[in-house]
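Enquirer: My questions will all concern the structure given below.
The values are calculated or read from the model by the stated rules, or taken from the named source; none is laboratory data. Note that this is a predicted model, so its numbers are computed, not measured. Ideal geometry is used to build each Cβ from the backbone, glycine not excepted, and the neighbour counts take in all protein chains shown. Heavy atoms of the whole protein, side chains included, go into the accessibility calculation; ligands, DNA and RNA do not. Shrake-Rupley method; radii C 1.70, N 1.55, O 1.52, S 1.80 Å.
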Amino acid sequence: MNIADIAVPEYVEVDADERLAKVRSIFERENPKGIVVTEDGEYAGVVGEKQLLRSRMEDDTKVSAVVKPAPSVKRTEDVRETARLLVEGDVKIAPVYEGEKLYGIVTVDQILEAVLESLDAITVDQIVTTDVIGINEKDSVGRAINRLRENGISRLPVLDDDGMLTGVVTTNDIVEFVVRDQERQGSGDRAGDIDRMLDLPVYDIMSSPVVTATADETAKEAVSRMFDNDVSGLVVTPEDVDAVAGMVTKTDVLRALTFTEEDSLDVQITNVDLLDRTSREHIVESIESVADKYAQMQVMHAHVRLHQHKEKLRGTPLIQCQIRLRTDQGQLGGSGEGYGAEHAFHVALDKLERNVLELKGVNADEEYRGQLLRKLGEL
């Protein structure tokens, strides 16, 4: 299947010189998945709510300051390849070209709607992210913003003092809150207004009750619930328990569409444009080398996520790298930070290797324990 019948010619477009105040109001009014940014009539990139989530950025700032490059695709491109480009670019929309002409856009939602019926072959348990980052309901909005930005994510489960789920706060919740508050306040002490908003508890702006899923549900059921409730992700909970077991998002489902049956390891890299002195081939070979240290473990898919921080050392940015393996032994991961993608990747790879070897040791101990018990039973 290609995206010829999925891409649409209608899209929201702004010039690179447009003020952020207008862009924020467009998100509030029209709730687009993203906005196409052009400069001198040429495609320059996209802007989404993640890019708007910068607490100190003034309304008069030009949108060019937050624009994010997004991969362009041909109108005849394969759905699987388009899904991979969206995930690796960490964007929700991509421009679609017909020859040399910008035809329109394709979004995550459009792809998922087109393949919805086939998603009943995938379970939530197969795509869930278990290493979830949350926040306490008493923590400030400012802390939530920092946590979202530092980890390059778009939603946080909100927990009470007992660790139970009470709500969810997303980039959308924060953007909507900021826009509404500014419209209500009108003119005044801008800096003071922002500081006051950042000090409010997350409880005041979180969404509740939480839309959830269970691990045994199909991806089709989960995505249908996301569409019905106009959300981009669900908290995965055990049956009848308000605890957080994981998170499943539209991006997780989209990523599953890119899984292959090839002999080589299927590796996906989010924010692949951050790669500097290393290559995709080196990353694949390195992960395969670690996975091979436990021959009994079958790796179905590997996901490498790169996230750039503001901090730099002699011009080289601080990068956070997260590696996650989906295996027949469950999920394994490793994370680390370093200056430049190559350094960050190898720090994360070292942690992944330790986790793989630890799993190997645990299973070996269990096997030895079983053998010992059987021998004792024979005595």
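Enquirer: Residues that are more than 22 Å from residue 83 (Cβ to Cβ), among the basic types (Lys, Arg) and in contact (Cβ under 8 Å) with a residue 24 or more places away in the chain: does the range 262-282 have at least one?
Expert: yes
Enquirer: Follow-up question, since we're still on this one. Just give me the residues in the range 266-301 being open to solvent by 20 Å² or more (accessible area, probe 1.4 Å) and outside any loop (DSSP other than H, G, I, E, B), in sequence order.
Expert: 272, 273, 274, 280, 281, 282, 284, 285, 288, 289, 299, 300
Enquirer: Within the range 329-364, how many residues are buried (at least 20 other Cβ atoms within 10 Å of the Cβ), more than 17 Å from residue 270 (Cα to Cα) and free of Cβ contacts under 8 Å to residues at least 40 places away in the same chain?
Expert: The qualifying residues number 1.
Enquirer: Determine which single condition residue 58 fails, assuming it passes every other condition in (1) in a loop (DSSP other than H, G, I, E, B); (2) among the charged types (D, E, K, R); (3) within 26 Å of residue 269 (Cβ to Cβ).
Expert: (3)
Enquirer: On to the next question. With 60, 78 as the choices, which residue is open to solvent by 50 Å² or more (accessible area, probe 1.4 Å), in contact with a helix residue (DSSP H, G or I) (Cβ under 9 Å, 6 or more places away or on another chain) and touching a residue at least 40 places away in the same chain (Cβ under 8 Å)? Before the answer, list the steps.
Expert: Values: 78 fails: in contact with a helix residue (DSSP H, G or I) (Cβ under 9 Å, 6 or more places away or on another chain).
Unique residue meeting the criteria: 60.
Enquirer: Can you pull out every residue in the range 312-328 that is surrounded by fewer than 17 Cβ atoms within 10 Å (Cβ to Cβ) and under 21 Å from residue 359 (Cα atoms)?
Expert: Of everything in the range 312-328, just one residue is surrounded by fewer than 17 Cβ atoms within 10 Å (Cβ to Cβ) and under 21 Å from residue 359 (Cα atoms), namely 328.
Enquirer: With respect to residue 111, determine if the residue is of a type in the set (Val, Ile, Thr), open to solvent by 20 Å² or more (accessible area, probe 1.4 Å), closer than 22 Å to residue 1 by Cα and at pLDDT 85 or above. Don't jump to the end; show me each part of the working.
Expert: Numbers: of a type in the set (Val, Ile, Thr): yes; open to solvent by 20 Å² or more (accessible area, probe 1.4 Å): no; closer than 22 Å to residue 1 by Cα: yes; at pLDDT 85 or above: yes.
When the stated conditions are applied, residue 111 does not pass them.
Enquirer: Would you check if residue 318 is within 13 Å of residue 346 (Cα to Cα) and part of a strand (DSSP E or B)?
Expert: On the way: within 13 Å of residue 346 (Cα to Cα): no; part of a strand (DSSP E or B): yes.
So residue 318 does not fit the description; no.
Enquirer: Test residue 221 against the stated conditions and say whether it is under 29 Å from residue 117 (Cβ atoms) and either at pLDDT 90 or above or out of contact with any His (no Cβ under 7 Å at 6 or more places or on another chain) (or both). Walk me through it before giving the result.
Expert: On the way: under 29 Å from residue 117 (Cβ atoms): yes; either at pLDDT 90 or above or out of contact with any His (no Cβ under 7 Å at 6 or more places or on another chain) (or both): yes.
Here the answer is yes, as residue 221 does meet what is asked.
Enquirer: Any idea how many residues of the range 36-52 are touching a residue at least 40 places away in the same chain (Cβ under 8 Å) and outside any helix (DSSP H, G or I)?
Expert: To start, the set of residues in the range 36-52 that are touching a residue at least 40 places away in the same chain (Cβ under 8 Å) comprises 36, 43, 46, 48-50, 52.
Okay, now just the ones that are also outside any helix (DSSP H, G or I), so 36, 43, 46, 48.
Of the residues in the range 36-52, 4 are touching a residue at least 40 places away in the same chain (Cβ under 8 Å) and outside any helix (DSSP H, G or I).
Enquirer: Restricting attention to the range 10-25, does a residue exist that is in a strand (DSSP E or B), modelled with pLDDT of 80 or more and open to solvent by less than 30 Å² (accessible area, probe 1.4 Å)?
Expert: In the first step, residues of the range 10-25 are kept if they are in a strand (DSSP E or B); the result is 13-15, 19.
From what is left, the residues that are modelled with pLDDT of 80 or more are 13-15, 19.
Adding the requirement that they be open to solvent by less than 30 Å² (accessible area, probe 1.4 Å) leaves 14.
Yes - at least one qualifying residue is present in the range 10-25.
Enquirer: Take the residues in the range 275-311 that are of a type in the set (D, E, K, R) and within 20 Å of residue 151 (Cβ to Cβ), then tell me which one is modelled with the lowest pLDDT.
Expert: Here is the first cut: in the range 275-311, the ones of a type in the set (D, E, K, R) are 276-277, 280-281, 285, 288, 292-293, 305, 310-311.
Then keep just the ones that are within 20 Å of residue 151 (Cβ to Cβ); that gives 305, 310-311.
Numbers: 305: 89, 310: 84, 311: 89.
Across the range 275-311, the extreme among qualifying residues is 310.
Enquirer: Looking for something among the aliphatic types (A, V, I, L, M), surrounded by fewer than 16 Cβ atoms within 10 Å (Cβ to Cβ) and touching a residue at least 24 places away in the same chain (Cβ under 8 Å) - is there at least one such residue anywhere in the range 123-143?
Expert: Filtering the range 123-143 down to residues among the aliphatic types (A, V, I, L, M) leaves 124, 127-128, 132-133, 135, 141.
Subsequent filtering for residues that are surrounded by fewer than 16 Cβ atoms within 10 Å (Cβ to Cβ) retains 133.
Now narrow it down to the ones that are touching a residue at least 24 places away in the same chain (Cβ under 8 Å): none.
Checked the range 123-143: no residue is among the aliphatic types (A, V, I, L, M), surrounded by fewer than 16 Cβ atoms within 10 Å (Cβ to Cβ) and touching a residue at least 24 places away in the same chain (Cβ under 8 Å).
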